[in-house]
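What follows is one structure encoded as structure tokens, with my remarks underneath.
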Amino acid sequence: MAAVTPRRPPGQWVTCTLAAHTDSDTRQASVAAVLARVWPEPADQVARADASFIAEELLDNALRDANGASVRLTMGIRSARVVIRTSNDVPTAQMTALLAHLARLFTTDAEDALAARVEANAHETNAAPDRPTARSGLGLLTLRADYGVALDVRARPSVRSGFSVLEVRATWPQAPSRGTDVAATLAPAPPHVERPTRG
């Protein structure tokens with residue numbers, strides 16, 4: 001698990017807004033720019049690449065649900081963890097079903113659900129190769145199973161009539177269980193020193 005060492009004071013958040021039809025290169029550049037401001041000098045470039053992948057996956061999902069509206073991406077560092085939020089407008093009529101779908105993805109056993117979804121996608125593709133598969137959640141399950149990301153979702157009213165705001169939040173590395181010392185969990189283990197015994 002990579003340690004996240006913030007170089008900015010706690011509580012500072014960086015936000016950008018992307019148009020609904022933003023191409024992949026622009027998405028990647030936007031994520032890189034936001035991440036560079038939030039976490040300018042990570043000790044571990046692999047951890048930075050992981051955080052970038054997580055943000056891009058959340059953006060892809062948000063843009064898929066945005067119905068032509070823009071998507072807001074916010075990042076910050078709290079308690080030695082990267083927190084990434086996306087928010088976008090979703091038709092209120094679709095919100096209940098979408099929240100139920102996401103809640104299942106976020107609360108089931110990630111590895112079992114990922115294996116089942118990969119198998120189901122393969123079956124759906126073989127049965128109808130010309131038809132795209134339904135919203136599978138494969139990317140979100142991958143974030144949970146392979147990257148240890150904690151995901152949660154909430155809805156709130158939108159200023160647009162007939163819409164609600166869907167907010168998805170990813171916390172990485174995932175918070176340890178209650179009572180665990182976060183600093184000790186993320187810090188490297190101290191070197192073992194042999195102490196001489198008195199005889």
Contact list, first residue from segment 87-114 and over 15 Å from Leu143 (Cβ atoms), second anywhere and surrounded by fewer than 15 Cβ atoms within 10 Å (Cβ to Cβ), beta-carbon distance below 6 Å, six or more apart or interchain, is Asp89/Arg160; Thr92/Gly162
Of the candidates Arg131, Arg117, the one satisfying the condition of being charged (D, E, K, R), assigned to a loop (DSSP other than H, G, I, E, B) and at pLDDT below 85 is Arg131
Would you call Leu99 under 17 Å from the mean Cα position of the chain (by Cα), over 18 Å from Val31 (Cβ atoms) and modelled with pLDDT of 90 or more? yes
Just to be sure, is Leu105 crowded, with 20+ Cβ neighbours inside 10 Å, modelled with pLDDT of 90 or more and either in contact with a strand residue (DSSP E or B) (Cβ under 7 Å, 6 or more places away or on another chain) or assigned to a helix (DSSP H, G or I) (or both)? no
If we keep only residues of segment 11-60 that are within 21 Å of Asp152 (Cα to Cα) and aromatic (Phe, Trp, Tyr), then the residue modelled with the highest pLDDT is Phe53
The correct count of residues that are touching a strand residue (DSSP E or B) at 6+ places or on another chain (Cβ under 9 Å), charged (D, E, K, R) and modelled with pLDDT under 90 in segment 61-96 is 3
Contact list, first residue from segment 68-84 and assigned to a strand (DSSP E or B), second anywhere and surrounded by 18 or more Cβ atoms within 10 Å (Cβ to Cβ) and aromatic (Phe, Trp, Tyr), beta-carbon distance below 9 Å, six or more apart or interchain, is Met75/Trp39; Ile77/Trp39; Arg81/Trp172; Val82/Trp39; Val82/Trp172; Val83/Trp172; Ile84/Trp172
Among (1) touching a Gly at 6+ places or on another chain (Cβ under 8 Å); (2) surrounded by fewer than 18 Cβ atoms within 10 Å (Cβ to Cβ), Gly68 falls short only on (1)
Within segment 32-62, restricting to residues that are surrounded by fewer than 17 Cβ atoms within 10 Å (Cβ to Cβ) and acidic (Asp, Glu), the one that is nearest to Ala19 (Cα to Cα) is Asp60
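The values are calculated or read from the model by the stated rules, or taken from the named source; none is laboratory data. What you see is a predicted model, and the numbers here were worked out from it, not measured in a lab. Reconstructed Cβ throughout: ideal geometry from the backbone, glycine too, with neighbour counts over all protein chains shown.
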